[in-house]
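Before any comments, here is the structure.
The values are calculated or read from the model by the stated rules, or taken from the named source; none is laboratory data. All of these numbers come straight from a predicted model, not from anything done at the bench. Quick reminder, even Gly has a Cβ in these numbers, built from the backbone with ideal geometry, and neighbours come from all protein chains shown. For accessibility, only protein heavy atoms count, side chains too; no ligands or nucleic acids. Shrake-Rupley method; radii C 1.70, N 1.55, O 1.52, S 1.80 Å.
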Amino acid sequence: MTTVRQRRVGKGTEAAEDQPSEETNVKPDGKILPDHPGGKLWSILSITLGGIVAISLGLLTSVYVATLHENDLWFSNIKEVEREISFRTECGLYYSYYKQMIQAASIQQGLHGLVYDNKTESVRTINILERMNVYQEVFLSILYRILPIQQYLEPVYFYIYTLFGLQAVYVIALYVTSWLLSGTWLSGLLAACWYITNRVDTTRVEFTIPLRENWALPFFAVQIAAITYLLRTHLQPAQERLTLMAVFIATFLFSLTWQFNQFMMLIQALALFILDCLDMLPTAKVTWLYIIQISGLLLVCVLQFFNSMILGSLLISFNVSVLIARTIQKILNLESDEHIFKFLKAKFGFGATRDFDANLYLCEEAFGLLPLNTFSRLSSTLLFYIYGFVLFLLTVAAVIVAFRNLSGSNQVHFKDKMEEYTVTLKPDAAYSLAHTVLFGCLALSTMRMKYLWTSHMCVFASFGLCSTEVWKLILKCLHLYTSQRTQVIKYSIPIITLLYISFKFWPGIMDELSELREFYDPDTVELMNWIKSNTPNTAVFAGSMQLLAGVKLCTGRTLTNHPHYEDKNLRERTKQIYQIYAKRSPGDVHGILRSFGTDYVILEDSICYERRHSRGCRLRDLLDVANGHIMDGLGENEPDLKPSLYPRFCEEIKKNLPSYTMHFTRVFQNKTFHVYKLAKHK
């Protein structure tokens, strides 16, 4: 098991308001500038200063997460095998293809090795570029090979620095989105500060660097910023065309880098559809966004050799038509993402399931409900309180505007003794509201997806706190509105919030940056070194999919299974390989493993004697139920489950009984791992 230890010394709706805003000192949101020279000069200075602040915060965030990563693992000091082991589970698998491309004799040979790969899944040749979203690793490896940097920068640093650099893009995009929504870069500053101080809930890049979401989410944030600008009024045709191009590029890159892109964009398309039905967005722009989503996804489909999971995606089904989509899904006989629908069906209570794949997801904390302590952490920075307040106000405004649009009334207004005023919601704010509500629902239901919500939460809360329209609505409802009072509140409260965040969290950030630890996983290091020294390069290894990803990266040996789970055959293969932790006879297990060409099998005590999950969610329990066997330990079992005729394989094999030693010979063991060589019976 990997640990870190203390380092030892020595190492809009309704066409929104067609009138320009009262604010005249900000240009990025498309508002009309004043004509007098002083106003133009102030606007240029404000934009310049805001841009400098955005870039500075982005770079600081990049340096911050890079420093945390170095301090946590002492990455610059540990051996290469330890660096590679630190890329856990699927992270190691993805990084292995970057390493493979770097080590190939030529770029052409590297690409050929990916298109005709026979080491990721034994006795099968698969196309990695079709099955997995690894074009970013391909591009980065080619870039590393052609740039004159090999003498100055190791490949692993080029890789991780690129990911940390994307965090700068991410923060800048969030900053710009908030700036566009509110009309002041002070809002962007607040959004960026919230993103940093809530790092535990907004990103996990420093300890899961190669994860697909760390590549994709910066591009998603850029896309949202571009959509926000597109939905502004008063755009010139040239501006609109350039913005649509930016949306397309960002959408394409987001789709190319993450296998779950279609589900995220389906939610986005649903938000656009709802707002379009409520007449809160310009229909022409919504149509263009649908076209961009489809074209971006289809281009990725071509690059991924017409991946059937993309062709039959719900996004295309939704955007083209339900009828055509059903026909496509029947023709293609889609099974790549069926496990996701089984998981969703069981998660939301549509019947219990014994399906191994669905239960594997259901029992993982990352796919459970969002823990309540998340809200206490977000509240400590005032983010959640302000977010809830802004969400309530804009939801009320959206309901009023939707009612007006659907009723066909020209205006629904409030009237007091002094004046009349109309409740409005601009298209960009309406989209931001729908986006945060739908992705909030996703995050609440599935913890792993919270990073899509919490980052936008920073944008949404800061926009509301710095928005003239929001404060204008509040003050008019309280009969306290004056233009001067609105401006004072709009700037003073965000500044007070920033000061509070700085005084409360700056000491903690400094302490965090000064805490030095180091990577420590001697058992896994010993295992990888033994494999490299004592097994042939062509050896095939079986084991848990998380560990095998590291085996491929560190040793280059062939695997029987791996953690990229979006393939039906692989899921069935993994279930069969995992019979090493079930109650099966040694002959059965040997036959299963040899059917996949296995030479060595790695057993992990942490899985065989697992205590991390409760009864019913341990891997051995999932296997027992799927096999129709009663589970170990005290507790209830379903009435149709029967006792197994055999003991648990991973426990019994350690007794060296003749029935086991005739099939398996132990060749390595330490406190964590046991490696057995399989006999090759004729």
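Just one of 606, 614, 595 is small (Gly, Ala, Ser), at pLDDT below 90 and open to solvent by 30 Å² or more (accessible area, probe 1.4 Å); which is it?
Working: 606 fails: at pLDDT below 90; 595 fails: at pLDDT below 90.
Matching residue, one of 606, 614, 595: 614.
Looking at residue 488, is it in contact with a Phe, Trp or Tyr (Cβ under 9 Å, 6 or more places away or on another chain) and not small (Gly, Ala, Ser)?
Numbers: in contact with a Phe, Trp or Tyr (Cβ under 9 Å, 6 or more places away or on another chain): no; not small (Gly, Ala, Ser): yes.
Criteria not met by residue 488.
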### Task
Go through the range 69-89 and count every residue that is in a helix (DSSP H, G or I) and either farther than 26 Å from residue 522 by Cβ or in contact with a Leu (Cβ under 7 Å, 6 or more places away or on another chain) (or both).
2
### Task
Determine whether residue 284 is open to solvent by less than 40 Å² (accessible area, probe 1.4 Å) and among the small types (Gly, Ala, Ser).
no
### Message
Pull out all pairs, ordered by first then second residue, where Cβ-Cβ is under 7 Å, the residues are six or more apart or on different chains, the first lies in the range 112-136 and is under 13 Å from residue 305 (Cα atoms), and the second is basic (Lys, Arg) and part of a helix (DSSP H, G or I).
### Response
133/212
### Query
What pairs come up if the first residue lies in the range 142-163 and is polar (S, T, N, Q), the second is open to solvent by 40 Å² or more (accessible area, probe 1.4 Å), and their beta carbons are under 9 Å apart, counting only those six or more places apart or on different chains?
162/143
### Summary
Counting only residues in the range 104-122 that are touching a helix residue (DSSP H, G or I) at 6+ places or on another chain (Cβ under 8 Å) and open to solvent by 50 Å² or more (accessible area, probe 1.4 Å), the one farthest from residue 597 (Cα to Cα) is identified as 111
## Note on the structure
Restricted to the range 198-235 and to residues being polar (S, T, N, Q) and out of contact with any Gly (no Cβ under 9 Å at 6 or more places or on another chain), the residue surrounded by the fewest Cβ atoms within 10 Å (Cβ to Cβ) is 208
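In the list 167, 150, which residue meets the criterion of being within 27 Å of residue 379 (Cβ to Cβ) and either out of contact with any Leu (no Cβ under 9 Å at 6 or more places or on another chain) or at pLDDT below 95 (or both)? Steps first, please.
Working: 150 fails: within 27 Å of residue 379 (Cβ to Cβ).
That would be 167, the only listed residue that is within 27 Å of residue 379 (Cβ to Cβ) and either out of contact with any Leu (no Cβ under 9 Å at 6 or more places or on another chain) or at pLDDT below 95 (or both).
Which residue is most open to solvent (accessible area, probe 1.4 Å), if the candidates are limited to the range 450-495 and must be aromatic (Phe, Trp, Tyr) and under 35 Å from the mean Cα position of the chain (by Cα)?
Of all residues in the range 450-495, those aromatic (Phe, Trp, Tyr) come to 451, 453, 460, 463, 471, 481, 491.
Then keep just the ones that are under 35 Å from the mean Cα position of the chain (by Cα); that gives 451, 453, 460, 463, 471, 491.
Working: 451: 25, 453: 14, 460: 0, 463: 8, 471: 30, 491: 68 Å².
Result: 491.
When the residues of the range 154-173 are narrowed to those that are under 15 Å from residue 103 (Cα atoms) and not aromatic (Phe, Trp, Tyr), which ends up farthest from the chain's Cα centre (by Cα)?
Of all residues in the range 154-173, those under 15 Å from residue 103 (Cα atoms) come to 154-156, 158-159.
Subsequent filtering for residues that are not aromatic (Phe, Trp, Tyr) retains 154-156.
Details: 154: 26, 155: 24, 156: 21 Å.
Of everything passing the filter in the range 154-173, 154 is farthest from the chain's Cα centre (by Cα).
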### Query
Does the range 552-572 contain at least one residue that is of a type in the set (A, V, I, L, M, F, W, C) and over 28 Å from residue 621 (Cα atoms)?
yes
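Out of curiosity, is residue 335 over 30 Å from residue 477 (Cβ atoms), at pLDDT below 70 and out of contact with any Pro (no Cβ under 7 Å at 6 or more places or on another chain)?
Numbers: over 30 Å from residue 477 (Cβ atoms): yes; at pLDDT below 70: yes; out of contact with any Pro (no Cβ under 7 Å at 6 or more places or on another chain): yes.
For residue 335, the condition - over 30 Å from residue 477 (Cβ atoms), at pLDDT below 70 and out of contact with any Pro (no Cβ under 7 Å at 6 or more places or on another chain) - is met.
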### Query
Within the range 370-385, which residues are of a type in the set (Phe, Trp, Tyr) and open to solvent by less than 50 Å² (accessible area, probe 1.4 Å)?
375
### Message
If residue 388 meets every condition in (1) under 27 Å from residue 271 (Cβ atoms); (2) at pLDDT 90 or above; (3) open to solvent by 40 Å² or more (accessible area, probe 1.4 Å) apart from one, which number is that one?
### Response
(3)
